[in-house]
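K.L.:
This is the structure, below, for whatever I ask next.
The values are calculated or read from the model by the stated rules, or taken from the named source; none is laboratory data. No experiment lies behind these values; they were computed from the predicted model shown. A quick note on method: Cβ atoms are made from the backbone with ideal geometry, for glycine too, and the neighbour counts reach across all protein chains shown. Note: areas computed on protein heavy atoms with side chains; ligands, DNA, RNA excluded. Shrake-Rupley method; radii C 1.70, N 1.55, O 1.52, S 1.80 Å.
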Amino acid sequence: FLGNIAKTLHWQFPLPHLWSLGMEEQFYLLWPVLLLVLLRLRAPRRLVLGLTLGGVVVVDVARVALHAGGDASAFTLFYSPLHSDGLLIGCALGLAYAWEWVPPPDSRRRLLGAAVLGAAAVFVVVAVRGAPYVAWGTTWGLTVIALAAAVFVYAAIDERPVLPLRFLTWGPVIYLGEIS
């Protein structure tokens with residue numbers, strides 16, 4: 001649960017690759033409580049979604065400001081609040097889909113195919129540029145990567161995936177997903 005904090009503080013940690021799991025666990029301890037409080041207070045759905053997306057903007061602006069101030073990338077990358085935009089984007093997509101504020105993917109097949117190709121291009125750039133360990137990756141790049149991932153998640157909801165994602169229906173890929 002604390003691997004990311006150990007990396008942020010440059011402590012010796014026997015399992016440093018677990019930093020992202022620590023960050024996710026910290027988020028998933030706080031997010032359900034916050035969401036439950038908002039729903040119990042009968043906060044309007046627009047407010048809940050607005051706060052979620054507002055959190056994405058705040059995280060992104062904070063990372064850009066820290067980078068501009070010359071702060072270390074370890075702090076920017078491994079400190080949970082500064083790396084929660086991807087999880088918040090996923091939460092926003094989940095809420096919007098559950099509340100039927102986004103159309104089902106099968107109704108947007110043409111647009112979705114192009115969006116998936118665009119998201120794939122983002123991942124190719126990430127692979128080539130080496131993000132998130134370069135300046136654009138520690139600032140706005142993490143949000144771009146998260147938005148690209150959200151496109152893939154949204155497209156994967158469809159029972160008949162668009163062409164770039166059809167490999168997801170291939171038996172060996174399904175098997176790997178089931179065992180993972």
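K.L.:
Along the charge dipole of the chain, pointing to its positive end and built from +1/-1 on Cβ of Lys, Arg, Asp and Glu, which listed residue (H17, L2, L87) has its Cα farthest out?
P.N.:
It is L87, whose Cα lies furthest towards the positive end.
K.L.:
Here is a further query. What percent do you get for the relative contact order of the chain when only Cα pairs under 8 Å and 6+ apart count?
P.N.:
Relative contact order comes out at 21 percent.
K.L.:
When ligands, DNA and RNA are left out and all protein chains stay put, how many square angstrom of accessible area per residue does region 1-82 have with a 1.4 Å probe?
P.N.:
67
K.L.:
Over region 112-175, what is the relative contact order in percent, taking alpha-carbon pairs closer than 8 angstrom and at least six residues apart?
P.N.:
Reported relative contact order: 38 percent.
K.L.:
Something else about it: Show me 141-149, 47-55 ranked by packing, highest mean number of other Cβ atoms within 10 Å first.
P.N.:
Descending packing order for the listed peptides: 141-149, 47-55.
K.L.:
Dipole size in debye (nearest 20) for the chain around its Cα centre, Lys and Arg Cβ +1, Asp and Glu Cβ -1?
P.N.:
Around 360 debye, computed over the chain.
K.L.:
Let me ask you something else. Indicate the helices, whole DSSP H runs only, in the chain that combine a mean Kyte-Doolittle hydropathy of -0.5 or more with a Cα extent along their long axis of 15 angstrom or more.
P.N.:
19-40, 45-68, 85-98, 109-129, 142-156
K.L.:
Still on this structure, please answer the following. With Rg and Dmax of the Cα atoms in Å defined as stated, name the option among [x] 16.3, 56; [y] 17.7, 50; [z] 26.7, 90 computed from the structure displayed.
P.N.:
[y]
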